Every structure is written in C-alpha cells, then in structure tokens.
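Down below is the structure, laid out as structure tokens.
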Amino acid sequence: MSATAALPRLGSAFAHAAAPAPRCVRPLVGIAAVLLGAVISTLFTRITTFGLADVRGAVHAGFDEGAWITTAATVGQMSVGPLAAWLGLVFGPRRVLLVSASTFAVISFLTPFAPDLPSMLAAQALSGVASGTFIPLTISFVLQSLPPALWPYGIAAYGLNLEMSLNVPASLEGWYIDHLSWHWIYWQGAILSVPMLLCIRAGMPRAPVNRAALRGADFPGMFFLSAGFSMLYAALDQGNRLDWLGSGVIVGLLAGGVLLVAAFVLRELTYPRPWISLGFLLSRNIALLVVILVLYRLVILSTSYVIPQYLTTVQNFRSLQVGSVLLWIALPQLIIAPIVATVLRVVEPRYVLAVGLFAIGVACLWAAELTSAWATNDFLPSQIVQAFGQTAALIALVLFFVRHLRPADALTFGVLLQTARLFGGEMGTGFMQTFLRVREQLASNLIGLHVQAGSVEVTGRIKALAQALAARTAGMDLAQDRAAALLANAVRIQANVISYIDAFSVVALVCAGMLVLTALLRPPPAPG
C-alpha cells in the first residue's frame, strides 16, 4: 500500500473531502516519532498512578480529592480520542502532533510547580488532551508508511512500545523517588517530547489543510461523543471509590454519559452526512474484534494491576521492588515481538491470537497457585509465559483488525483502537478493584467465622504469640494486645491472598471466553 493511498474515512460526510496524502520522505523517522508518542502517552498515565501519593503530598491533597488527579489526565485523553481522526484528516498528522507534543512538553515541565490541587488538576487535564492524540495517530501513520508485507513488524513495534511503557513505570517511579525527586514523574515527559518533535519535523510530510472536511464537520456529533465518553470514563474511574450507584456523582456521570452517547447515535442515524459509519463498526468481525480488544485490556490487568496490588498489600513492597517483577513482562518483549511478527507473515493471525490467549490463561492459572509467601522470584515463570501470550495476542489482534480495513480507514481505526483501549482498561480496572474489594471482604468474613474471640484455638494462638513477644514488650497486657493485632493482620493477609487467587482465576475464565469469540471470527475479506 502506498502512502498516497492511505486516506482517512470517517463516514459519508468526508467521502468527498479526502485528498491524496503527501509522500513520506523519511518513513522510519516518522514512525519513530509516533511510536515515541505512544510510549509518552502510556508512561504519562501509568507513572502518575504509581507516584500518586507523592503528587498528592506536593499539592497538599487528601486521598479522596487527590484521587481525581489521575482521572483528570485520562479523561483528557478520552475527550480528544474520538476527535483525533478528524484533526488528522483536516490538519494532517504532522501539524496535529507538532502542536500537541509541544503543548505536552511545556505543560509537563510546568506541572511540578503547581501550587495547589486545582492547578494540578488543570495541568493534568491539559496534558491528557495533548497526549490523547498520540496513540490514535500512531498506528495509522505506521500503516501509511510501510508496505503491507512489513505491517506485522510495524504493529509489533507498536505493541512492544505499549507493553514496555505499561510495565516499566513502576521501576522508573521508584528510581526517581529514591535518587531524584517526584518532579521527574512529569519532567521525563518534557524530555522525551524533544526527540519526538525532532522526528516529527524530519520524518513526517507536510499536508495542506483539508478545508472541504472542515466545512463538512459534524461538530454536534463530535461534542456528543467526546463529552459522553468522558463522563462515562470518569464514572468508571471513580466508581469503586465512591461506591458506584450509591453515589450521586457517579449516577449523574453515568446518566449524562449515556444520554450524550444516545444523542450521538441518534444524530449519526438521522444526519445526512454522518461523522462515523456505524454500519462498519457493527459488522460481525469488527464487533467481535472490539469486544476481544476490550477484554484483552481486562486480561493484562493480571500483571499491570493484580500483581502490583498483591506485592504492595501483602509483601509491603515499594515501587522499585514491584517494578523488578513487572520488568519480566517488559524485557522479554524485545525478543518475542519480532519473532511473533515474523510468524505472522506466514500464519493466519487468528491462530496466533488463540495461542497467545491460551498462554495468558495458563499463566494466570499458574499464578493462581500463589500463597502469602510468594515474592519476586515466584512470579517469574508465569510472567515469562504471560509476556509471550500478551505480545502474541496483541500483535495478532491488531494485524487481524487491520486486514479488515480499506486504506481510507487508517485514521478511523486509530481512534477505535484508542477508545477501546482506554474504555477496556478503565472497565477492567473498575471491575477488578470492586471484585478484589468484595472478595476480600467475603474471605475475611469466612475466615473470621473460624477466629472467634474466646475460642480455645484463638486463645491458645494469642497466648503463644504473647509469650514470644513478652521479652520485647513492656508488660504482658501490651504483649497480649500486640499478639491480637498480629492475628488480625494474619487474617487480613490471608483474605487478600484469597482475593488475588480469585482474580487470577477470573482472568483465566475471561481468556477462555475470548478463545470462544476468536473461534467465531471469520477470515478477513480478500484485499482489493
């Protein structure tokens, strides 16, 4: 596929407005720019999550109000995600990324100087809007710049970047806090934006402003979709903390989001020149692939969320120690990704996707054998298997998705990928947070039924612990209190371990469901 053939199709409104894309003189430099943008975007949200406690302290925010810091950033990314394709169509990817990367660099440099929480929230939201264009424009530019024979390698590089930037932030944040300061959580984005800007200027072609697409824009439809998705995303992000439907804020966000998305669908069905072709999104294979992509985001939480939570809650690990485990997901990608890309040149993506999902399921069942004694080394075998599974599944899924697209669908696909990625991740996080909380409460209650005050076993256990502590405690009464606290902590730890075992088991079941969906996929349409 030549670069001049790759034109974004956003629906009938722009079918007449597409103009030939300019030739990319240095495609590899341009690809480096957009891949670096994908890394920056993911690092920005992940490393802020790991360093949230330090950021809250810097702006004197409590736990509840400080929880909105990461939400502001991701909602900003969600708000611009659906618009990125249109912005790329009208102004060209080069112009859009130059503006957004420059804005992100400046805001990232200034964010550590925010004097209070409102300023921090504003900076996070603006950074989210700026970085929200990076990923939607990444995969489209990769596809436009490479011949179809090299697409597996371009998609492998995209998947490698995402996996690395998902699993490296814990180590980076821990290193920054130990050796530099929390300011580098944001300053790293400002520094990484410089080579991205240089690559954009040197490797991405200039494109004239597409005035026909600008005149035909469906601004109400864009607003309905962007605002609706943003409200739904905020509700998912804060739902577990605010007790879901028990909170008026969550109910209001959900209701407003659903109404706005419904208004968008109604407008697209009745507007003579719709912004997005809903028929394309609802076709059999595309709909199945979107569901699989959303579920994939839930599946990778077994490493990016469940393992860090276990190590932090049960083992009291710090970020740098958690990162040493997650690195075993990231580092093998350097070898696995190019091998998977080579295999995909001769093997149908559906089969590679199925093998990857099977490997993830096996890894989760393996990790479900954990006990309260598990630490770094105990996770390594299952995580190496998971690293292979995640890489194979993601690259095969994206490539199989791509083979359903006409060249003109490239930018639209980037938006669909970004929206499903963000929503899938947030839906998965919301589900997993609530699932772990409920399962821990249930396990704690069930264990507590066997730890009754005054029973012979409990009394004997406390007495034995108190005697062991007596030599280092001022008085037997205090030793008894410390012994009771130790027993309560043992119950808490075991309840948490049971909840994490259940979480790994649920992810394995989700993998089984994804395998069923994969079996329902039909071969992609023949090219041409």
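Miscellaneous remarks
- For Asp243: the one exception among (1) under 23 Å from the mean Cα position of the chain (by Cα); (2) in the same structural domain as Phe91 (by TED's automatic domain parsing); (3) exposed (fewer than 14 other Cβ atoms within 10 Å of the Cβ): (2)
- Output for segment 46-75, where each listed residue is farther than 19 Å from Leu320 by Cβ and hydroxyl-bearing (Ser, Thr, Tyr): Thr70, Thr71, Thr74
Per-residue answers, yes or no, for (1) surrounded by fewer than 23 Cβ atoms within 10 Å (Cβ to Cβ); (2) more than 14 Å from Gly128 (Cα to Cα):
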position: Ala32; (1), (2): yes, yes
position: Phe44; (1), (2): no, no
position: Gly51; (1), (2): no, yes
position: Gly57; (1), (2): yes, yes
position: Ala67; (1), (2): yes, yes
position: Gly88; (1), (2): no, yes
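- Verdict on Leu446 being under 30 Å from Val299 (Cβ atoms), loosely packed, with under 14 Cβ neighbours inside 10 Å, modelled with pLDDT of 85 or more and outside the structural domain of Leu245 (by TED's automatic domain parsing): no
The values are calculated or read from the model by the stated rules, or taken from the named source; none is laboratory data. These figures come from a predicted structure and were not determined experimentally. Cβ coordinates were reconstructed from backbone atoms using ideal geometry, including for glycine residues, and neighbour counts include every protein chain displayed.
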